[in-house]
Ligand code: HMG
Ligand code: MG
C-alpha cells in the first residue's frame, strides 16, 4: 500500500469547532487559539464564517477575530462565505481563501443555508467569481456526502453531481464532508471516488466528523485512495448547528498521532498542538475530546 509521504491539514477548530458553542466565546480567546494553532506548525486555519448572526450567533465576531489575529507568512487563513453579502464583509478582512458550502442532500441544504442545491449554486457562482477576481482562493465544502440527518443515506451519484456543479462555477478544490459522522470506510471511499470524477486527487480533502467514532478509520480509507488533504478540529471540538446530534470533527491531535505513527509528515509539533487543545478546553471548561491529548496529558502528569 502506497501512502502519501506528507499530509496537509486544514485546522477547522476556530470555525467548525466553535460555531456550535452555546455560550459566547470571547473573540480574544478565538484569536489566542489561532495563534497557538499556527505556533504548533499548522499552515491552514479556517478562522470564522461570514454568515447571518441570527443563524450562527457564535460567528458574529468574524471581523473582530480576523482583524485581531497576527498573521504569519506561509499560513493560509480561510473563512466561510455563503453569499455575496458574506463575501463582501469577508473581503475587507483579506482572507487567503473563501469557502462556499453546499450539500449533497436537498433537505440539509434547505436547513443549513435556507435554499435548495440548485439555488445554492446560483448564489455561490458570483461569490466564486468575485473571489477569483480578487485573487482569493476558493474551496467548496460538500456536506452530507455519505449521510444526511434528514434524508438518511446519500448515494455517491449525488456527490458526483454536486462536485460537478462546484467545478462548473470555478470552485478550485473541495471537501468531502461526513457532516454527521455516520460514514464507514468503504462508503467514504465511494464518496471520494465520486468526487474524483470532477476533481484531481490534490484538490480533494476529507472532512470527517467523529460522531460514530469512525473518523480515523475513514481517514485511513481516504489515505489509501491517495487523498492527502484533511480537515480536523483541535480537541475534537464542534458540530454543525443544523445537524442535530452531530459531534465534532476528528481531533487534530488524534489525526497527527496517526499520521506520524505511519511515517507521514505533517509539519506539526504534536506537543504544541496538545497545548493549544488544552488551552481551548480549559477556556470552554470541559475535557478535551481527543484521546491522544488525554493520553499525552496524563503522561505529562
Ligand atoms: P436567509 O435568511 O435565506 O438570507 O439566510 P437572506 O438573504 O434572506 O437574508 C436574511 C437576513 O440575513 C437579512 O438580515 C440579511 O441581511 C442577513 P435582516 O434584514 O433580517 O436583518 N444576511 C446576512 N448577515 C450576515 N452575513 C451574511 C448574510 N446573509 C444574509 N452572509 C444564509 C441565508 C446563508 C445567510 C443563512 O442561512 C445562514 O447564515 N446560514 C449559515 C449556516 C451555517 O453557518 N452553518 C454552519 C456552517 S456549514 C458546516 O458547518 C458544514 C461544514 O463544516 C462541512 C460539513 O461538516 O458538512 C462546512
Ligand atoms: Mg463540518
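Values quoted throughout were computed directly from the atomic coordinates according to the rules given, and no laboratory measurement underlies them. The structure presented is a predicted model; accordingly, all values stated were derived computationally and were not measured. Neighbour counts are summed over all protein chains in view; Cβ atoms, including those assigned to glycine, are modelled from backbone coordinates with ideal geometry.
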What residue, among those in the stretch 64-83 that are within 16 Å of ligand 1 (Cβ to nearest atom) and farther than 15 Å from residue 31 by Cα, is surrounded by the fewest Cβ atoms within 10 Å (Cβ to Cβ)?
-> 83
Restricted to the stretch 1-28, and to residues that are away from ligand 1 (no atom under 13 Å from the Cβ) and part of a strand (DSSP E or B), which residue is nearest to residue 66 (Cα to Cα)?
-> 9
Expected output for the stretch 259-270 (first residue surrounded by 12 or more Cβ atoms within 10 Å (Cβ to Cβ), partner assigned to a helix (DSSP H, G or I), Cβ below 6 Å, 6+ apart or cross-chain) is 266/256; 266/259; 268/256; 270/256
Considering each residue of the stretch 275-301, count those that are closer than 21 Å to residue 26 by Cα, over 18 Å from the mean Cα position of the chain (by Cα) and buried (at least 22 other Cβ atoms within 10 Å of the Cβ), and give that number.
-> 1
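Going by what's in this entry, would residue 223 be described as buried (at least 21 other Cβ atoms within 10 Å of the Cβ) and within 16 Å of ligand 1 (Cβ to nearest atom)?
Numbers: buried (at least 21 other Cβ atoms within 10 Å of the Cβ): yes; within 16 Å of ligand 1 (Cβ to nearest atom): no.
No.
Kindly evaluate residue 289 against the criterion of being within 16 Å of ligand 2 (Cβ to nearest atom) and in a helix (DSSP H, G or I). Reasoning before the result, please.
Details: within 16 Å of ligand 2 (Cβ to nearest atom): yes; in a helix (DSSP H, G or I): no.
Judged against the criteria, residue 289 is not a match.
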Within the stretch 50-57, is there a residue that is farther than 16 Å from residue 97 by Cα, more than 14 Å from ligand 1 (Cβ to nearest atom) and buried (at least 17 other Cβ atoms within 10 Å of the Cβ)?
-> no
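Given the options 103, 89, name the one that is surrounded by 21 or more Cβ atoms within 10 Å (Cβ to Cβ), touching a residue at least 12 places away in the same chain (Cβ under 8 Å) and either under 23 Å from residue 157 (Cβ atoms) or touching a helix residue (DSSP H, G or I) at 6+ places or on another chain (Cβ under 9 Å) (or both). Walk me through it before giving the result.
On the way: 89 fails: surrounded by 21 or more Cβ atoms within 10 Å (Cβ to Cβ).
On inspection, the qualifying residue turns out to be 103.
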The lone condition residue 197 fails out of (1) in a loop (DSSP other than H, G, I, E, B); (2) more than 13 Å from ligand 2 (Cβ to nearest atom); (3) in contact with a helix residue (DSSP H, G or I) (Cβ under 7 Å, 6 or more places away or on another chain); (4) touching a residue at least 60 places away in the same chain (Cβ under 8 Å) is (4)
For residue 232: the one exception among (1) closer than 28 Å to residue 131 by Cα; (2) surrounded by fewer than 20 Cβ atoms within 10 Å (Cβ to Cβ) = (2)
Determine whether the stretch 139-159 contains at least one residue that is within 12 Å of ligand 1 (Cβ to nearest atom), over 17 Å from the mean Cα position of the chain (by Cα) and assigned to a loop (DSSP other than H, G, I, E, B).
-> yes
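Each row is one residue, and each column tells you yes or no for (1) in contact with a strand residue (DSSP E or B) (Cβ under 7 Å, 6 or more places away or on another chain); (2) within 16 Å of ligand 2 (Cβ to nearest atom).
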position: 138; (1), (2): yes, no
position: 158; (1), (2): no, no
position: 179; (1), (2): yes, yes
position: 184; (1), (2): no, no
position: 202; (1), (2): no, no
position: 211; (1), (2): no, yes
position: 241; (1), (2): no, yes
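Could you list, in sequence order, all residues of the stretch 57-78 that are within 16 Å of ligand 2 (Cβ to nearest atom) and within 16 Å of the chain's Cα centre (by Cα)?
So the first thing to find is which residues in the stretch 57-78 are within 16 Å of ligand 2 (Cβ to nearest atom), and the list is 58-59, 78.
Result: 59, 78.
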Specify the residue that is nearest to residue 155 (Cα to Cα); the eligible residues are those in the stretch 170-182 that are assigned to a loop (DSSP other than H, G, I, E, B) and away from ligand 1 (no atom under 11 Å from the Cβ).
-> 182
